[in-house]
Every structure is written in structure tokens, then in C-alpha cells.
Amino acid sequence: MRTDQRIWQYFQQHRVASIVAAHVAVVGIVGLLLLGNLGMNIFGAFAQSPCSSGDQTYVVVSGDTLGAIASRYKTTWQKLASYNHIQNPNLIYVNEKVCIPGGSQASSSPPPVKGTGNYFPYGHTWWANERYHQLHGIYVPWTTNSDAWAWTARAHDFHWRVSSSPTVGAIVNLQPWVQGAYGLGHVAVVERVLSNGDVIASNMNWGAYYWKVVDVEFAPGPGVTFITY
């Protein structure tokens, strides 16, 4: 083989290797950046410093947005994001603690709205509304866009109280695929709070006989909220 051909083959082989190495390097850098951002978001949610003296602490529940929290405390989401070092204001987590700067006061929100009847189809949404009315004399006011998973957001819309802590008589709302709920979520009513913090809730559409009312034990945690008037 001629010398010039060998030289040409040498450069061709090294050129291919260089291109492959460059692509690997680019993919590696992009991966590190993505992992870095993800890690910072997760770390920011679960490894927070305590709030300063004089601040208020708000614990995020399902359905919250930073803007809604800011409005409640008469501030802006920009200030809360900056004060809490939240890199992505559109990404907050259930049970994340948001520090409210001292001096911010919760606004007086409109009173909760009462419903006028039970307009849900017979099943677990019907039962949760009916049982709540039996216990408190109040129906929930939301009747549209109200699959079980959406009840927490609807409760916020109608100024009902949403909490991560259970009370007897509260509506328990499970998000899809949480603790046995199916893809549309589930709602029931707390009948008892156990010493371990779990609840016994009365349900319809749970188990083989959808029309029967059954008691089921649920545990507070991610994807679980408690709704009261």
C-alpha cells in the first residue's frame, strides 16, 4: 500500500473516533445539566432550612400553586420564589414548606360556598357528598369538572378548607392510583381517626359491590387530602 493511502486511512479512522468522542461528550454534558437541575429541584423541596424567626410557614397541599399561596398572604409569587430559593416557581411539592416573610398576613378570603343538593351520579362521589350532608347539613357546591381526583382543586375554587391532616367528618380525597384508588381518584368520608394517624372512612364504589357502603382504612400522605367546609 502506498504511503499516501496509509496516511489517508489514518486520518479517516481518527476523524471518526473524534466525531464519536465529541458526540459522547455533548450527551454527557447535557445529561449532567439535566440531572443537576432535577437534583436541585428535589433537594430544594426536601432539604429545606427552617424558616427565619418571625416568618410564617405554609405547608403545600395538593392543588396549590405558588401564585395562590402568594395571593393568600398578600405578596407575589416572585417574592416567595426568591425568598425560598425556588428555582422553578411552577414546580412545588406536596408537604414542601414555604416560608412567608415576616409582615405578610393571610388575606381574608371569601367565605366558603354551600351547595344546594346532591347532583352526582350514584357511587362514591354521590356518597361522599351525601354522607357529608348527613354529618354537617352541607352539600359540596361543585358539580361540574368534578371527577374524584379534582375535588381538592374544586374545594380551593369554592374556598373550602384543604388540609393534609385528618378530622372526623372530613372528605378524604385520594389522587389516581393512590392507596387503591383507580384512574379517576376516590372520595370518601372520615368516620374515625385512629391512634396511629390513619383514618377509617366510609365509601361507596370500593370493592366488588359498588352500591354497598364499606369502611376502609387510609393513611395520610402524598396524594391524600382532607376537605372540610
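The values are calculated or read from the model by the stated rules, or taken from the named source; none is laboratory data. These numbers were taken from a predicted model, which means no experiment stands behind them. Don't worry about glycine lacking a Cβ; one is built from the backbone with ideal geometry, like all the others, and counts go over all protein chains shown.
In table form, for the structure just shown:
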quantity	calculated
Flag for ASP215 being among the acidic types (Asp, Glu) and either more than 17 Å from the chain's Cα centre (by Cα) or over 27 Å from ALA68 (Cβ atoms) (or both)	yes
Sole exception among (1) out of contact with any Lys or Arg (no Cβ under 9 Å at 6 or more places or on another chain); (2) surrounded by fewer than 21 Cβ atoms within 10 Å (Cβ to Cβ); (3) at pLDDT 95 or above; (4) under 15 Å from GLU130 (Cβ atoms) for VAL193, by number	(4)
Subset of region 206-228 (residues that are closer than 13 Å to PRO166 by Cα and either of a type in the set (Asp, Glu) or not in a loop (DSSP other than H, G, I, E, B) (or both))	GLU217, PHE218, VAL224, THR225, PHE226, ILE227, THR228
